[in-house]
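Okay, so here's the structure we're looking at.
The values are calculated or read from the model by the stated rules, or taken from the named source; none is laboratory data. Everything quoted here is computed from the prediction, not taken from an experiment. With ideal geometry, Cβ positions are generated from the backbone for all residues, glycine too; neighbour counts draw on all protein chains shown.
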Amino acid sequence: MSEAGERAKPLLDWDFHTHTVYSRHAHPDMSVLGSLRAAAAAGMKRYVILEHVPEISTRRATMQFWKHGRNERDQLDAIAADLEIHRSNFPQIQILRGVEVDADPFNLDGSAMLDDFSGIDVVVGSTHVFPGGEAFWFDRVRLPPDAGLRVAHQWREWVVRFIRAGQIHVLAHPGDLLGARQLIPPFNAPEIAGFFDPVFEAMADQGVAFELNELLQRKIGPAYRESYPDLIKHARSFGVQFSLGSDAHRTDDVGRYEWVYELIAASGLTEADWWNPPAAPA
Ligand SMILES: [Zn+2]
Ligand SMILES: [Zn+2]
């Protein structure tokens, strides 16, 4: 890359989506202290440490177990306890506590799988499960050939209710389930023009940010990765703002953006498009 190109690269010194060992599926180096050291080394100025509710781990490999994780927030409280000890060693970083909470896939009423958000600064909302709760997004579910769009519409109505319920600040990795399981054609396909309108309208109304998630590139197929800037530009046209997250599960990935830089360049996002988290209580 030319020097001018290097200079043009915006400085992204925040990361609003990082996991810890309390996920039970992150690398052992991702203790809260390990994570904070990595954030400092990466020059982060604002940083969200979060964990899943319900927990998604080998312990929760079945829907049955996952379902029982509703309202279990020990992992969030464990992060808080560690932050009590280590936070003061990192005065240069604004550290926020987060949760990555799933929408309830069983009732599809827009409620979250957690009722008690006390002590949480940033609520990132996800749909890691198929609407109806049969399977996780990564399960290779066999759908009849005509079922994709039907499930996609079900997902859309559900996520609009989730956004409009007013509990989340950020929608995590939008398009993940749809793109990973190819429930709709790629994001630039004329057949689905307008498909996301109700979602982006709801996000703009509620001030819910669209997350640019570095890890998402590994979850969706090439045609979805390549057309992702179209999805971003479409969201932006509704006045939606954008959050940034590495979704790091190991220290090497903290604050590390590669695909996200490409997305920003390809979709022409500027400083005015960044979402800012609510300030943490002093
Ligand atoms: Zn996620
Ligand atoms: Zn995550």
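Annotations for the structure displayed:
- Looking across Gln75, Gln92, Gln64, one residue alone is polar (S, T, N, Q), modelled with pLDDT of 90 or more and either assigned to a helix (DSSP H, G or I) or within 16 Å of ligand 2 (Cβ to nearest atom) (or both). It is Gln75.
- Those helices (runs of 4 or more DSSP H) of region 124-223 in which 1 or more residues are away from ligand 1 (no atom under 14 Å from the Cβ) and surrounded by fewer than 18 Cβ atoms within 10 Å (Cβ to Cβ) occupy 147-164, 197-206.
- Residue count for region 232-246, restricted to those that are in contact with a strand residue (DSSP E or B) (Cβ under 6 Å, 6 or more places away or on another chain), away from ligand 2 (no atom under 16 Å from the Cβ) and either in a loop (DSSP other than H, G, I, E, B) or not aliphatic (A, V, I, L, M) (or both): 3
- Taken over region 224-244, the criterion of being within 23 Å of Val48 (Cβ to Cβ), polar (S, T, N, Q) and away from ligand 1 (no atom under 16 Å from the Cβ) is satisfied by Gln241 alone.
- Inter-residue pairs, beta-carbon under 8 Å, first without any contact (Cβ under 8 Å) to a residue 60 or more places away in the chain and in region 92-104, second within 12 Å of ligand 1 (Cβ to nearest atom) and among the polar types (S, T, N, Q), 6+ apart: Asp102/Ser126; Asp102/Thr127; Ala103/Ser126; Ala103/Thr127
- Residues satisfying the stated conditions in region 253-282, i.e. among the acidic types (Asp, Glu) and touching a helix residue (DSSP H, G or I) at 6+ places or on another chain (Cβ under 8 Å): Asp253, Glu258, Asp273
- The number of residues in region 251-265 being under 13 Å from Leu216 (Cα atoms) and polar (S, T, N, Q) comes to 0.
- Evaluation of Arg24 against (1) in contact with a strand residue (DSSP E or B) (Cβ under 7 Å, 6 or more places away or on another chain); (2) within 16 Å of ligand 1 (Cβ to nearest atom) (one fails), failing number: (1)
- In the set (1) farther than 26 Å from Asp205 by Cβ; (2) in a loop (DSSP other than H, G, I, E, B), the condition left unmet by Asp109 is number (1).
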